[in-house]
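Bear in mind that the values in this text are calculations on the coordinates, not laboratory data. Nothing here was measured: the structure is a model prediction, and the numbers come from that model. Every residue, glycine as well, gets a Cβ built from its backbone with ideal geometry; the counts of neighbours run over all protein chains shown.
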Amino acid sequence: MNKAITDGLVLMPPAFSAGLNLWSREDGTPGSGSYQGQANAALVTNDQDFAGCLELQKTEATQKLRSFAQTPIQAGLYLRVTVRIKAVSGNLPSVRIAAWAGDLGGANVASVPQTGAAVALTSYGEVITVSAIIARGNRTGVDLPWGTVPVYAHVGLDLTGANGGVVRIDDIVVEDVTNIFIRKLMDWVDVRDYGALGNGTTDDTVAFLAADADAQGRAVLVPSGAFRLLSDVTINSRIRFEGTVSMPANRRLTLTRNFDLDTYGQAFGGELEGFRRSLQALFYFTDHVTLDLSGRRVDLTGPIDVAALAGLTDFSNRRVLRNGQLTAVPGANWATQEVTSTATYAIATPTTLTGVANVANVPVGALVIGTGVGREVYVRSKNIAAGTLELSQPLWGAVGTRPYTFRRFRYMLDFGGFEQLSRFEIEDVEFNCLGNCSGVMLPVTGSTQRFVSCTFNRPLDRGLTSTGTGCQGMFVDMCQFLSNEQSIPAVSRTTIAMNVQANDVKLRNNRIVRFAHFAVVNGTGHLVHANHFFQGDSEVAGVRRAGLIFTQTNVSTVVTGNYIDNCFIEWGNEHDATPEFNNEFSFGGLNIVGNVFIASNTSSAFRWIVVKTYGPDHFLNGFSLTGNSFRVFNAVVDRVELLDTSITTLDFTRTRNVRVDGNSFNQVTQAIMNPVIVAHTQGTAADTWTIAAGGFIPFGGRIRMLESVTPEGAVTNAANAVRYVFPHALVGTGTQANEAQLKWGEAVKGKAIVSMRMDLPN
């Protein structure tokens, strides 16, 4: 750096040969006395040491010599004032560099040092060099640190000591010596200065660590080159990459001050390898819990096995991946692996397949497909020596030996290699599957994974997959799931947005567009709130699919405030090895409250609430359908609920705690309620009044209890005489058990408001 060159600054004072009127015997300020015509000053042109010089006799206690020229003082400018001097005769004085400091108004800045260290002349004819550095910066090596107020200097020297001596002074030199301080001025250290070669083969680990240790607040610069690191490297300083690094797959680069995709992408020469390496470091990084993708897109050419990348199978500290897009690039690496085999299933070991042919080739994490297998059952682990597979859920109807298909989908981020992973969060990331692959596979076990403001765009098979209990307590909030099958009829779709295998999952404020299903949900204690899932199509009288599927009987779940559009809620027990009732909790704990249900262009057979039991003798024991709105466009449906009896039915003689009220029905032929309130008018006097609930009873149930009878007006006999009598009731009468009888003890007529129920309280 040289500002005399780069900025055109004039630093040098004039040569003495230009005239002594240019040199002051005072401070160099305008109007001060010069050496022109002074008896103690003369120009010498034939000195053997100096081409031209000033001969000066010391006559004052401090003999001053200052240039009238103003030498600029600027930030970042370091000036060295140098004088060569020799004693000729008389007393030997001392000499020091001196300069008058001037501010913007032309006044002296008296608070700054304006003289350097004095050097004594000890012999005649010996040329002595004296110098001092002037700068604004107060750094080591600066003799006259002036700060920000002075803007120019009148440079020169002082002679001190005894008077009478004669000296000769060479032309005073002012140099820009900023380059001396560049090392201190720069905010970085270069790894090459510590021995890094950057030839792509030599291990530069020691040089990187040494540069980091010496940085002391400065950044580390990795200049152009290919630097090989063969050990784990942690850089605690800021770092900047012009060159690239490479490392063995099991070695980690941890950048504690630049933990973001931009920096890792620069370090490893591309976003993909940078993403892999930064994700790897995330699992060992203690200073930061968040990997920022810097809002960038990473093109993935194949699945990322996160556990293999991290070199771990168990991790429980909170970690966050956020702010970017992962895009699947088409290629063979995304191909689904499919294996067909025979295996034996027994109820005694409800989550195990034994005698699995070709077990070594069955991939862990594969979807299990076969007769008697419920939806979203996956291979959790395998034992090759024993020939067994561990399943994520029991099979409802697969006892015996039969063929199975095992289908292993490919996921952009595959956490399936983690035996246990908890508190991993993904925030504001788009999984741009583009019909090439699936989104995320969760770990085998773990808890409180969290997906916030993410987009799963066109997954090929699945958006989020759980193959075990790694979804325990999971949060899925404000995410979008956009199907790859939006243009095809709903009945033909196969893609599922997500599944749940464990308890306490929160699905909130998500938007799910035209999948085969939104979620297949096992476990209990779930909250499904304020989601919009719609699965319609343009087919006339089109068949609709389930949006939410609950796969066990007692779910203890609230479904509230959702927009359920052209799909339905299905409730069954397909993940039960003994699906018949066996002194367990039967169908209960489901509360469907305050939702908006709509349908359009569908057949009259469409239903929004479907119960399907996979074994006999089950019953409703705690179910609430309240405050919902049901509406149909461009069609009319018969009713809102259905009991699917394709396998078996419910035992309505045991129904308890069912509440169906406060719902609204538009373009629905038959409303439902429980209790059923009937205004019955008996026009002909009779001992027995038959009160029919008709189709109002949910799921085609029976009347189990008459809750109240309130006569409206007088009850009279055939002669219109008022009778003050009260009936007893018989319930569950009629061929469909959907009637009640009021027994008055005599023939009466009149009107009564009757409340009757399909259930009994506990």
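Brief remarks follow.
- Farthest positive-ward along the chain dipole, Cα basis, beta-carbon charges - from 446, 732, 513: 732
- Distant-in-sequence amide H partners of residue 34 (H built 1.01 Å from N, under 5 Å): 25
- For segment 728-742, backbone phi angles converted through the Karplus equation (6.51, -1.76, 1.60; θ = phi - 60°) give residue-by-residue couplings of 9, 10, 10, 10, x, 8, x, 5, 10, 6, 10, 10, 10, 10, 9 Hz, Gly and Pro being listed as x.
- Couplings for segment 563-574, taken from phi via the Karplus curve 6.51 cos²θ - 1.76 cosθ + 1.60 with θ = phi - 60°, read 10, 9, 10, 6, 7, 9, 9, 10, 10, x, 9, 6 Hz in order; Gly and Pro are left as x.
- Its Cα gyration tensor gives segment 555-679 an equivalent ellipsoid, and the semi-axes of that ellipsoid, as √(5λ) in whole Å with the largest first, are 25, 16, 14.
- Charged-residue dipole, Cβ positions (Lys, Arg, Asp, Glu), segment 428-583 about Cα centre, Debye nearest 20: 260
- Rounded Å value of the spacing that divides the Cα centres of segment 576-644 and segment 254-311: 46
- Applied to segment 405-422, the Karplus parametrisation 6.51 cos²θ - 1.76 cosθ + 1.60 on θ = phi - 60° returns per-residue 3J(HN,Hα) values of 10, 10, 10, 9, 6, 9, 10, 4, 10, 10, 9, x, x, 7, 5, 8, 9, 10 Hz, with x for Gly and Pro.
- Beta bridges per DSSP with both ends in the chain, % antiparallel, nearest 5: 45
- Each Lys and Arg Cβ is given +1 and each Asp and Glu Cβ -1; about its Cα centre, the chain then shows a dipole of about 1160 debye.
- Within the chain, helix-based [θ] at 222 nm, where runs of 4 or more DSSP H residues each add -39,500 (n - 2.57), nearest 500: -1500 deg cm²/dmol
- Projected label points at residue 60 and residue 638, each 7 Å from Cα along the beta carbon direction, are separated by 11.9 nanometres.
- Span per principal axis, largest first, for the Cα atoms of the chain (Å): 155, 71, 44
- Between amide H atoms placed 1.01 Å from N, distances below 5 Å from residue 232 occur with 252, all of them 5 or more places distant or on a separate chain.
- Mean separation of Cα contacts under 8 Å (6+ apart) over length of the chain, as relative contact order %: 6
- Taking every alpha-carbon pair under 8 Å whose residues sit at least 6 apart, segment 200-306 reaches a relative contact order of 20 percent.
- Full-extension gain in nm, residue 580 to residue 487, via 0.36 nm per residue minus C-alpha separation: 29.6 nm
- Tensor-based shape of segment 279-368 (alpha-carbon gyration tensor, a/c under 1.5 rounded, otherwise prolate or oblate): oblate
- Take each peptide in 707-716, 360-369, 432-441, 501-510, count the other Cβ atoms within 10 Å of every residue, and average; sorted highest first, the result is 432-441, 501-510, 360-369, 707-716.
- Segment 677-703 and segment 461-504 have their alpha-carbon centroids 44 Å apart.
- Shape of segment 337-408, Cα gyration tensor, a/c cut at 1.5: rounded
- Furthest towards positive pole of dipole, 301, 211, 16, structure part the chain, Cβ charges: 301
- The distance separating the Cα centre of segment 412-435 from that of segment 123-192 comes to 62 Å.
- Amide H contacts under 5 Å for residue 521, placed H, 5+ residues apart: 500, 549, 550, 551
- Size of charge dipole - segment 676-757 - debye, nearest 20, with Cβ of Lys, Arg +1 and Asp, Glu -1, no other charges: 100
- Candidate aspartates and glutamates for bridging to residue 64, where Cα separation is under 19 Å - those fewer than 8 sequence places away on the same chain excluded: 26, 27, 55, 143, 158, 170, 171
- The residue list 672, 691, 627 was ranked by how far each Cα lies along the charge dipole of segment 615-691 toward its positive end, using unit charges on Cβ atoms, and 627 comes out on top.
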